[in-house]
Amino acid sequence: MISSFTYARPKTLQEAVELLAKPGARAHAGGTDLLGCLRDEVFSAEKVVSLSGLSELKTIVPSPLGLHVGALTTLAQVASYKPISGMYRALAEGAAAAASPQLRNQGTLGGNLCQRPRCWYFRGEFSCLRKGGETCYAYDGENQYHSLFGPGPCFIVHPSDTASPLVALEAKFRIAGPAGTRTVDAEAFFVLPDAEVQKENVLKAGEILTEVFLPAQAGLLSTYRKVRSRGAWDFALAGAAVALVVAGGKVAKARVVLSGVAPVPWRAKKAEEALTGKALDPAVIRAAAEAATAGAQPMSGNAYKVDLLRGAVEEALRAIA
Amino acid sequence: MRSDLYFLAAIPPETPRPEGELPPWGEVRIVGKRLPRVDAFERVSGKAVYPRDFSLPNMLQAAILRSPHAHARVKSIDLEPAKRMPGVVAVLGPSSPGADMEWFARPKAKGGLLLDPHCRAEGDEVAAVAAETLPQALDALKAIQVEWEVLPFVIDPARALDEKAPKVWDEGNRVADPVIYERGDLAKGFAEADVVLEESYRTPCEIHVPMEVHGSVVAWDGPRLTVWDTTQGVYAVQGTVAQRLGLPLANVRVIGHYMGGGFGSKLEAGKYTVIAALLAKVAGRPVKLFLSREETFRVGGNRPANAIRVKAGVKKDGTITAIDWKSSGTPGAYPNNTNTAFQAADLWTCANVRTEEAGVYTNAGRARAFRAPGFPQANWALEQMMDALARAIGMDQVAFRLKNVPTVSQRRGNQPYTSTGLAGCLGEGAKAFGWGTKPKAPADPAIRKGIGMAGGIWGYGGGPPSTVIVKLFSDGSVNLNMGAADIGTGTKTVMAMVVSEELGVPVESIRIEHADTGTTQYATPSGGSKTVPSDSPAVRAAAADCKRQILKMAAAELKLPAAELKLLGKEVVSAADPSKKVAISAIPAFQRQQLVVGIGFREPNPDGKVINPFAAHFAEVEVNTRTGEVTVTRFLAAQDSGRVLNRMTFDNQVFGGVVFGIGFARTEERILDRQTGKMLNANWHDYKVPTALDVPADQATLVVDARDTANSTNTKGVGEPATIPTGSAIANAVFDAVGVRVTEGPITPQRLLELLARQKARG
Ligand SMILES: Cc1cc2nc3c(=O)[nH]c(=O)nc-3n(C[C@H](O)[C@H](O)[C@H](O)COP(=O)(O)OP(=O)(O)OC[C@H]3O[C@@H](n4cnc5c(N)ncnc54)[C@H](O)[C@@H]3O)c2cc1C
Ligand code: SF4
């Protein structure tokens, strides 16, 4: 049950930042993840601060350097906005593959990137490490949906289907907070549990993700392949976002970023190396897919994800080739 | 307790009407048509009031405190802090009056209690609160202080009989002695076989996930209790509630007009109803008690997981020489049927059969009947085995099965089936599906296509008792009064069509009153796919009773023999000379009486015969060998359910059954934590029911009507038979596509990739 809280709907970013800097305050964008967490008592809120009054966070502004996407843009808008589905296809596909139509109409890009993990112990009545408890239940428990990569001591997978595409597309995240604004690379936004086990990203108290910037890159090709156990309304068992700059029939630059297999969007650097400088022929694709699994450390129940991951990377690359 | 084949249990027949059974309809006018539901508008517009939507003035809201542990004992419990919480009006604990009534009786020993200090599964009930609002009730639950003694638990049925396994019950974890059935000579059968195969199969524990969660609203009026329940059977709930509360049946009125799905989990009275009644008694006010979605997942019931080992022999010519079947299942912590053997011993011709089945207790939520209890599980094992046998002797799967279609029920002393459309389902189904033409291989060699099929039988065909009243008003409009629930299957619609067929009145002129023990007549709960074959003959008989009375009055008026007359809605016409007619409003005897009441009973089924619906399902799948994704691309369900009363609601049932089967085969599985025994996926997104994207757009039904004459509407059931062979057909298609047998369901990317990796390693 949701315990009681107060509610505020600030009109300015400044006001929102001030409200959110107070202990127990939580940002509310579309609420599709927040309300679930509150209802399931994953955490509580003393004050819910709605971001819905901040209209400047709802715009998509093209510039010669790239595309500025406001954090309150809904996933449905991200999926269908032409400049995104054209130039940044992986992001559009990631957004379209998330959740269900209803959730995509309500859920925002910022909320998708800041959503809490779906580990069923974390979401259930278990006081695990990520909730400030003593132990990781997944380690000895039911870990078929948990991570292959990462240092521990928590083995979540990052739930977002837009995060890996954004890391692949070298997006930059703009953050507003009590100390002013700052910009971080998408890759640097997400944190591993050995750094901070109770957080998934670098946001500090009072900080709001305001904008995602997609830099323009000539010759950029990208795609996102997600594998799930049912056709919709299901998080990734594993997925691969691939962004390539192809010039003269060869891969000039490659990013291969995995989803569903690590606590953060996981760059498969070995796969990127296997692609760079090569033509995308079937042998190269297979080698890159194999390389993407390098360093995977399966748990008791998720070894299948190694094969699955190889398959997802191969299919993503085949879709581009 | 149900017997080993509970659907065989003898039900005493009603006294037949002196006129005897009605002859089958000749040419039908309305029955069989595609007609939208009589309550479609109410249902889709939100006007239909489901029990979950129902409120009474002055009503309290209640909630239940449950064990967070898989196995634990309440060392102490303090209800006082809850009683002091705002809005709280009544609190019950294990020592409150009535809390120690037995619930979930066991065959030879004492069962559980209503509020039991010994909790044998997560979610077991220990206390309850009624308050002004639901949040107040939930806050009060948190204030109850419980000191738990956490006990060791067992959740793995394969380990439950180990000597060292924790005991769910003091006497041990066996539910009952194994049930054994034998015919012929197994050793001889295996000796005769050219090929003998042996395989172990496992099926997942599925949750019913009805749209409407379980619960009731209750109100006392002095010694009389009224219950608005989301139920499949108002009379079943009335019986249990009256018995548990020590009330005469007449003092318990159960109303269940609309209900949002049950699939077997709402066949019986829930603890929640009686807890609500006790709270309402203490409070002196009406009480509403509905489970949360999470509670429904944990305690609302499930399809028990089964482990089935099959050994079978076949001759090169396709003769099945022996079937050795060993099945076990777990009902969770309290008894319930987990049997599967019937189908193995009855579906295909085989002289030498042995089946053995057993159940073991585990510290998990209790199973309930679940859409064809035991049958999809049995079919998963049997029909994958038949597929493997046919392949082993190089025979086409349909031809192999056609060779083995029985005309008598071997499991029930070779009694003949009243009708069997099994051969028709197989043959006509294969033709309609295009069986035999291999699907075109996709360009990408990692994507494989395959086709598979399976046959099936359902164990029950309906029967007495059922009493129905039809009232004909002086203006020709009609009131149909029956006890049966419409659990979403279209019962009201098809029964109105039966009345319309018999009386010639349009369906729109028929008002339906149903599912109310206070005002409607006795019906068994809507389960077993037997509402149509049990109740539609009684509906027809009641309408016919009205007609007989009207025709008699008209005969006197027209001075013609009643046998010559026909009732056509508002007129009675001579069949011999249509110019001789009288409006019913002009029949003086009817006008004096103003109302004709017809009573109909369900006649007994024919002696010495058995009634069963049959099916054959055909699937085409696409398998991605890189990712383990399986897509069902095409599906055809051929069903022998006797006469189809409404092709639209029939198709709804079959499509629904297939969707259920896709969930069983592909996505659904309860997951318990091995460390705590707690259910991990007790929510909509972790427990994966199929979505629209998991169901093929190319889905067809085929009616194979074997012209059953066991009852006066020539009907058998469809709701359950339509989900029995689905999963097996898909598993067989997956084998056809990639050459691996997924013996343990569901066929997730995880399982398939593991099997494909093993296949690769073998080379
Ligand atoms: C059943 C279900 C299935 C789903 N399946 C998928 C899936 O397959 N793939 C997938 O990617 N996602 C999936 N989701 C997640 C869904 O996409 C997210 O819930 C949604 O994108 C969150 O957006 P929101 O605006 O509603 O966020 P909210 O619920 O409002 O916020 C989510 C979290 O982020 C914080 N937050 C929100 N906006 C900001 C901001 N601008 N700055 C800082 N913090 C912020 C909030 O405080 C909160 O903690 C699923 C969700 C559900 C409920
Ligand atoms: S994986 Fe992380 S969130 Fe899940 S139980 Fe372990 S510590 Fe908790």
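No value in this document is a laboratory result; all are computed from the given coordinates. This structure is a prediction, so every number in the text was calculated from the model and none was measured. For neighbour counting, all protein chains shown are included, and Cβ atoms are generated from backbone atoms with ideal geometry for every residue, glycine included.
The table for this structure:
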{"read-out": "Average beta-carbon neighbours from other chains, 10 Å sphere, peptide A:135-144", "value": "3"}
{"read-out": "Point-charge dipole on Cβ atoms (K/R +1, D/E -1) for the protein assembly as shown, about Cα centre, debye to 20", "value": "1140 debye"}
{"read-out": "Packing rank of B:637-648, A:195-206, where each peptide gets the mean count of other beta carbons within 10 Å, highest leading", "value": "B:637-648, A:195-206"}
{"read-out": "Hits among lysines - C-alpha to C-alpha of A:Lys22 under 27 Å, sequence gap 8 or more where chains match", "value": "A:Lys11, A:Lys47, A:Lys58, A:Lys131, A:Lys172, A:Lys199, A:Lys204"}
{"read-out": "Within-12-Å neighbourhood charge of B:Pro157 [Cβ basis; K, R +1; D, E -1]", "value": "+1"}
{"read-out": "Total lysine pairs whose alpha carbons fall under 19 Å of each other in the stretch B:463-601 (8 or more apart, or interchain)", "value": "22"}
{"read-out": "Computed E for B:Leu568/B:Val44 - FRET, C-beta separation, R0 30 angstrom, nearest 0.05", "value": "0.40"}
{"read-out": "FRET efficiency for A:Lys82 and B:Gln699, using Cβ-Cβ distance with R0 set to 35 Å, rounded to 0.05", "value": "0.50"}
{"read-out": "Sequence-distant lysines (8 or more away, or on other chains) whose Cα lies within less than 21 Å of B:Lys326", "value": "B:Lys188, B:Lys311"}
{"read-out": "Per-pair calculated FRET efficiency, R0 = 56 Å: A:Glu56 and B:Asp156 via Cβ, rounded to 0.05", "value": "0.50"}
{"read-out": "C-alpha center-to-center spacing [the stretch B:384-431, the stretch A:223-297] in angstrom", "value": "48 Å"}
{"read-out": "Cβ-based exposure ranking for A:Tyr139, A:Tyr145, in which fewest neighbours within 10 Å come first", "value": "A:Tyr139, A:Tyr145"}
{"read-out": "Shielding by partners, peptide A:296-304 (average Cβ within 10 angstrom, other chains)", "value": "2"}
{"read-out": "Of the DSSP H helices in chain B, those whose Cα atoms cover at least 24 Å axially and whose Kyte score averages 0.0 or more", "value": "B:531-558"}
{"read-out": "Rg(Cα) / (2.2 N^0.38 Å) computed for chain A, rounded to two decimals", "value": "0.97"}
{"read-out": "Length-normalised contact order for chain B - Cα pairs under 8 Å, 6+ apart - percent", "value": "16 percent"}
{"read-out": "Helix A:282-292 vs. chain A, principal-axis angle (Cα, 0 to 90°, nearest 10)", "value": "40 degrees"}
{"read-out": "Cut-off under 5 Å, modelled amide H: who pairs with B:Ala700 long-range", "value": "B:Phe635, B:Leu636, B:Ala637"}
{"read-out": "A:Gln102 paired with B:Asp607, simple spin-label distance in nm, labels 7 Å along Cα-to-beta-carbon", "value": "5.6 nm"}
{"read-out": "The stretch B:463-601 - percent relative contact order, Cα under 8 Å, separation 6 or more", "value": "34 percent"}
{"read-out": "Potential extension, A:Ala218-A:Ala283 segment - 0.36 nm per residue separation minus Cα distance", "value": "20.8 nm"}
{"read-out": "Separation of alpha-carbon centers, the stretch B:712-763 and the stretch B:65-86, rounded to whole Å", "value": "44 Å"}
{"read-out": "Cα-Cα separations in the protein assembly as shown greater than 48 Å, expressed as whole percent", "value": "34 percent"}
{"read-out": "Sequence-distant aspartates and glutamates (8 or more away, or on other chains) whose Cα lies within less than 12 Å of B:Lys33", "value": "B:Glu501, B:Asp651"}
{"read-out": "Rg [Å, one decimal], Dmax [Å, integer] - the stretch B:696-753, C-alpha atoms", "value": "16.6, 52"}
{"read-out": "Fewest-first sequence of B:Asp686, B:Asp78, B:Asp545, A:Asp281 by Cβ atoms within 10 Å of each Cβ", "value": "A:Asp281, B:Asp78, B:Asp686, B:Asp545"}
{"read-out": "Whole-percent pair-distance distribution, where bins are 5 Å wide, for the alpha carbons of the stretch B:463-601", "value": "2, 11, 21, 22, 16, 12, 8, 5, 2, 0"}
{"read-out": "Per-residue average of Cβ from other chains inside 10 Å of A:228-238", "value": "6"}
{"read-out": "Gyration tensor (alpha-carbon) shape descriptor, chain B, a/c threshold 1.5", "value": "oblate"}
{"read-out": "Total charge dipole magnitude, chain B, about the Cα centre, Cβ charges on Lys, Arg, Asp, Glu only, Debye to nearest 20", "value": "400 debye"}
{"read-out": "Residue order, fewest to most surrounding Cβ atoms within 10 angstrom, among B:Arg224, B:Arg762, B:Arg244", "value": "B:Arg762, B:Arg224, B:Arg244"}
{"read-out": "Rel. contact order, % - alpha carbon contacts under 8 angstrom, at least six apart, chain A", "value": "17 percent"}
{"read-out": "Cα→Cβ-extended label distance, 7 Å offset, between B:Thr437 and B:Lys316, nm", "value": "3.3 nm"}
{"read-out": "Segments A:159-168, B:101-110, B:183-192, A:109-118 sorted - mean Cβ within 10 Å per residue, highest first", "value": "A:159-168, A:109-118, B:183-192, B:101-110"}
{"read-out": "Inter-label distance, nm, simple model (7 Å from Cα along the C-beta direction), B:Asp170/B:Lys75", "value": "2.1 nm"}
{"read-out": "Nearest-20 debye value, the stretch B:463-601 charge dipole, Cβ charges on Lys, Arg, Asp, Glu", "value": "320 debye"}
{"read-out": "Formal net charge of residues neighbouring B:Lys566 (Cβ-Cβ distance under 15 Å; K, R +1; D, E -1)", "value": "0"}
{"read-out": "Among B:Asn479, B:Ala542, B:Phe590 the positive-end extreme of the charge dipole of the stretch B:463-601 (Cβ point charges)", "value": "B:Phe590"}
{"read-out": "The stretch B:66-150, Rg to Rh (Cα coordinates; Rh as Kirkwood inverse mean 1/r)", "value": "1.00"}
